[in-house]
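The values are calculated or read from the model by the stated rules, or taken from the named source; none is laboratory data. All values reported here derive from a predicted model rather than from experimental measurement. Virtual Cβ from ideal backbone geometry, glycine too; neighbours counted across all protein chains shown. Side chains are part of the model used for accessible areas, which takes the heavy atoms of the whole protein and leaves out ligands, DNA and RNA. Shrake-Rupley method; radii C 1.70, N 1.55, O 1.52, S 1.80 Å.
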Amino acid sequence: MNAIFGVPTTTLMIYLLVLFALCLTVSGWVWLRHRVVFRLGVRNIPRRPAQTVLIIIGLMLSTLIISAAFTTGDTLDHSIRSEVYDLLGPVDEVVVLAAGSELPTQPQLGARIPEYVATDLATALKDNPNVDGILPVTLNSVPVVTLRPKLSEPSLIMTGFDPVSAEAFGGLKNQAGEPVDLANLPSTGIVLGETPADKLDAVVGDQLIVYINNIAHLLTVEAIDVDSPLTGMVGLGASGGFAMPLLRTQTLTEEPFSLSTIAISNTGGVEDGVKLSDQVKADIDAALHATPYRAVPLKQDGLDEAETNGSMFVSMFLIFGMFSIAVGILLIFLIFTMLAAERKPEMGMARAVGLKRRQLSQMFVAEGMAYDLVSALVGAALGVGVAFVMAGMLSSMFSDAFDITPSASWRSLVIAYTLGIVVTFLTILISSWRVSRLSIVQAIRDVSEPKATRESRRWLIFGIIGLLVGALMTYGGGSSGNSFLFYTGMSLVPLSLAAILRSFGVPARPVYSIAALIVLILWLIPDSLARKIFPETTGGIEMFFLSGVFLVAGATIVIVQNLDLLLRGVSLAGRLFASKLPAVRTAIAYPGAARGRTGLTIAMFSLIVFSLVTIATMSSNFSALFLGDEANAGWHVRADQYAANPVDDVTGALESRGVDTSGIIATGVVTTPNPFAARLRMPGTTDWLPYEVRGMN
């Protein structure tokens, strides 16, 4: 992959390597300048091997998700690119009928190009050093039935081209790799593609019935070749087709001197020729400037699509993986909070003999960085393994469309490893600063810190910064129509105001509860009401993650701030079972005594459940959208017919073949007379755009 979220992966890798170097520099500085502090930090790693293993497993979660996402993206990108090269071979561009300012992405079966256009183009490009082949082609969709196994395909592509011109495109070969002389085949002989041969269970010598203009034609399979544009494979996952001489297809379709497209091969190999596509396309368009025909860089578009699909999959994977990454970050906070609780007397003694708070933070940073380096390495390796397993599952799901080959690039692995290091290091840095803020006397005695009546000045500073950032994001998102910025800002404002009020001594429970409830109402307000209150904004799939974070954060704050009331309710309920009351009271004592850790645990589980419910809801909605009764407008069976074989009376045609039509209540017909002729533009604009006109009875 070359880009993710619109950012070039090479640029992303460079930035992450710089941040990774800064993380190592901080750790190296602690090791060089405070050797004793560094040793005090890392000595805990070998002393508790079981705890060390559990910490590494917890820390590697983020890196595993990132590594699996990037490796899966590399796999899809590599697989689709390989399929494009194998499928198109030497074909780099095709000439199509232009529809206004937009071009079709591939050859059009219903379009017709006069044969003289190919002749004029060949003359214009005769001395062009970037072009080594021009091939006029006809493409027609036809139904095919085999006589021997009695199998059928409703739509195969009958391809016609000049055998002499096809030599520049590699020509046709049989399954033994021997060249097939298309010009000297019998008049009814064809070369069948590999995919349709498998679907029809056809072998060399089999006879096929092909229907053209509702007239049956008997053709014989003289050879079977690999799938390529020459054998009618015009796209990934297509049904393929068969090849005949150009003159023969024009005669069968009763369209002499008519083509569907013109294929162009660039100078160079299958992979190198595509580098000339921009120049060759410009040369073709210049030669055809007086005609309605233009060049489409078919192979380059296919490679770009591979890049887009890979990046899109990584983006979606990371968006949903962000829930797991967020859980991993909370887990890191929880791990180091619990480590601090376990070592509280030890840290109190260290402070008592002269160790400063920043040196306690340096101890945790040294220990955390050691965990981080190992866990990120394990996570990156396991992520590759997970991606390869997913590639095997995807391969079985999409085996009919294209082959999926596992692939991992060093660039993606470096990004996954360094990103995992940086995310975990920043989390460790914040959590280590948090746990270092302890009172020496309370730490040595291992008792809880006294509750402050007001927050410190730091909370006032954080609150003011959060309020300013939230206001700017709200204004910027509202003016630009960006949902992510707008709703992030709207959510930060009440939470920041709560922090400011708390720093002035306002009681914590009401101020934080009200702020959290405002956030919950903001995200749960009906869309119809939100459109009346807030400016119109748009967002993508990232809003699922954003909504999950703020909904869980708001609900967790409400629960934690009112934990004593909730636990009191649990205790009252426990009185209904007198024999279990001591166990119930003991069970609820710890959550009430360690509200911070309780909140982290609730948030972790809530994010996981939220992500699962979100995915299940999306799956249910897509099923209803595409598989529900309304999806097919009330119709139960759809039959497609092509211009080569029109059916005027579907019910009559079925009855004439002995089909019982008593179960058919109604038959409707939707037709598109010419999808390439209709164009439309808005008044006052200059660009004509393609517009399919559909007629229905």
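A few points about this structure:
- FRET efficiency for the Phe622 to Val353 pair, using the beta carbon distance and R₀ = 60 Å, is estimated at 0.45.
- The phi-based Karplus calculation (6.51 cos²θ - 1.76 cosθ + 1.60; θ = phi - 60°) puts the 3J(HN,Hα) values of segment 192-203 at 8, x, 5, 5, x, 5, 5, 5, 8, 6, 9, 10 Hz, whole numbers, x for Gly and Pro.
- Hz values of 3J(HN,Hα) by residue in segment 80-91 - Karplus curve (6.51, -1.76, 1.60), Gly and Pro given as x: 5, 4, 4, 5, 5, 4, 5, 6, 7, x, x, 6
- Each peptide in 511-523, 121-133, 678-690 was scored by the mean count of other Cβ atoms within 10 Å over its residues; highest first, the order is 511-523, 121-133, 678-690.
- Backbone amide hydrogens, once placed in the peptide plane, bring Val144 within less than 5 Å of Glu153, Ser155, Leu156, excluding anything fewer than 5 places away on its chain.
- Projected label points at Asn213 and Asp86, each 7 Å from Cα along the beta carbon direction, are separated by 3.9 nanometres.
- Segment 141-181, accessible surface, carbon-and-sulfur percent (1.4 angstrom probe): 54 percent
- Other-chain or far-sequence residues with amide H under 5 Å of Gly133's (modelled H): Ser265
- Applying 0.36 nm per residue to the separation of Gln175 and Val469 and subtracting their alpha-carbon distance, the gain on full extension is 99.2 nm.
- Annotation: peptides 503-510, 646-653, ranked by per-residue average of other Cβ atoms within 10 Å with the highest first, follow the order 503-510, 646-653.
- Computed FRET value (nearest 0.05) for Arg694 with Thr291, which takes r as the C-beta separation and R₀ as 30 Å: 0.60
- When peptides 164-173, 258-267, 457-466 are ranked by their average number of other Cβ atoms within 10 Å per residue, the highest-first order is 258-267, 164-173, 457-466.
- Spacing of the two label points (7 Å from each Cα toward its C-beta) at Ala593 and Asn184, in nm: 9.5 nm
- The stretch between Tyr15 and Ala631 holds 217.1 nm of extra length on full extension. This uses 0.36 nm per residue minus the Cα-Cα distance.
- Helix-only CD estimate at 222 nm, as mean residue ellipticity for the chain, using -39500 (n - 2.57) per DSSP H run (n ≥ 4): -19000 deg cm²/dmol
- Phi-derived couplings, Karplus 6.51 cos²θ - 1.76 cosθ + 1.60 at θ = phi - 60°, listed residue by residue for segment 617-623: 5, 4, 4, 5, 5, 5, 5 Hz, with x used for Gly and Pro.
- Label-to-label distance, nm, for residues given as Val203 and Leu151 (7 Å Cα→Cβ offset): 1.3 nm
- Residues in segment 227-246 reached by a label modelled at Arg638 [backbone nitrogen below 19 Å; 7 Å Cα→Cβ]: 237-239
- One chain, two ends: Thr405 and Ala666. Fully extended at 0.36 nm per residue, the span grows by 89.3 nm beyond their Cα-Cα distance.
- Calculated FRET value between Thr267 and Met312, using beta carbons and R₀ = 30 Å, to 0.05: 0.40
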